[in-house]
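Only one structure is covered here, and it is reproduced in the block below.
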Amino acid sequence: MATHAIIETGGKQVRVQVGDIISIEKLVQNQGDKVNFPVLSIENEADLKLGKPVLQGASVTGEIVEQKKDKKVIAYTYRKRKGSERKVGHRQPLTVVKITDIQG
């Protein structure tokens, strides 16, 4: 079993291992930049370390692979017999990150 960590990003918690490629909410850094995430817990073969709420001295480092947009989501509102329709599309901006290192 490889070491994995629970990180927090964009108000969500994500379980990662070294080498994982994850899509998260958009970060302001550019492609190729290194990014550090707050670590909530780290687990390896021997033990589990939990933070309260974050682990002090632990870090997960990733490299930004690309900035992109997710698939389009259509929000459609219709009121019967009123002649009222509304159609709005939304594409969520995402950042693709490759996890390069887990320290803890």
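Taking 0.36 nm per intervening residue step and subtracting the Cα-Cα distance, what contour gain separates Ser23 from Ser59 on full extension?
Numbers: separation 36, 0.36 × 36 = 12.96 nm, distance 1.87 nm.
Gain on extension, Ser23 to Ser59, equals 11.1 nm.
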Of the listed peptides 15-28, 53-66, 73-86, what is their order by residue-averaged count of other C-beta atoms within 10 Å, with the highest listed first?
53-66, 15-28, 73-86
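Among 97-103, 87-93, how do they line up by average Cβ neighbours within 10 Å per residue, starting with the highest?
Details: 97-103: 18.0, 87-93: 10.3.
In decreasing order of mean packing, 97-103, 87-93 become 97-103, 87-93.
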Any idea what the dipole of the chain comes to, in debye rounded to 20, about its Cα centre with Lys/Arg Cβ at +1 and Asp/Glu Cβ at -1?
1360
If I compute semi-axes √(5λ) of the Cα gyration tensor in Å from the structure I just sent, which labelled value in (i) 37, 17, 11; (ii) 24, 16, 14; (iii) 22, 15, 12 lines up?
(i)
Of Gln13, Ile74, Thr61, which is farthest towards the positive pole of the chain's charge dipole, taken about the Cα centre with +1 and -1 on the beta-carbons of Lys, Arg and Asp, Glu respectively?
Ile74
Cα-based reach from Lys12 at 15 Å (exclusive), listing aspartates and glutamates while leaving out same-chain residues under 8 positions away:
Glu25
Could you name the aspartates and glutamates in cross-link range of Lys52, using Cα to Cα under 18 Å and dropping any fewer than eight places away on the same chain?
Glu8, Glu43
Note, ³J(HN,Hα) from phi for the range 22-28, Karplus 6.51, -1.76, 1.60, rounded to Hz, x at Gly and Pro
10, 9, 10, 4, 4, 10, 7
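No lab work stands behind these numbers, since they all come straight from the coordinates. These numbers were taken from a predicted model, which means no experiment stands behind them. Quick reminder, even Gly has a Cβ in these numbers, built from the backbone with ideal geometry, and neighbours come from all protein chains shown.
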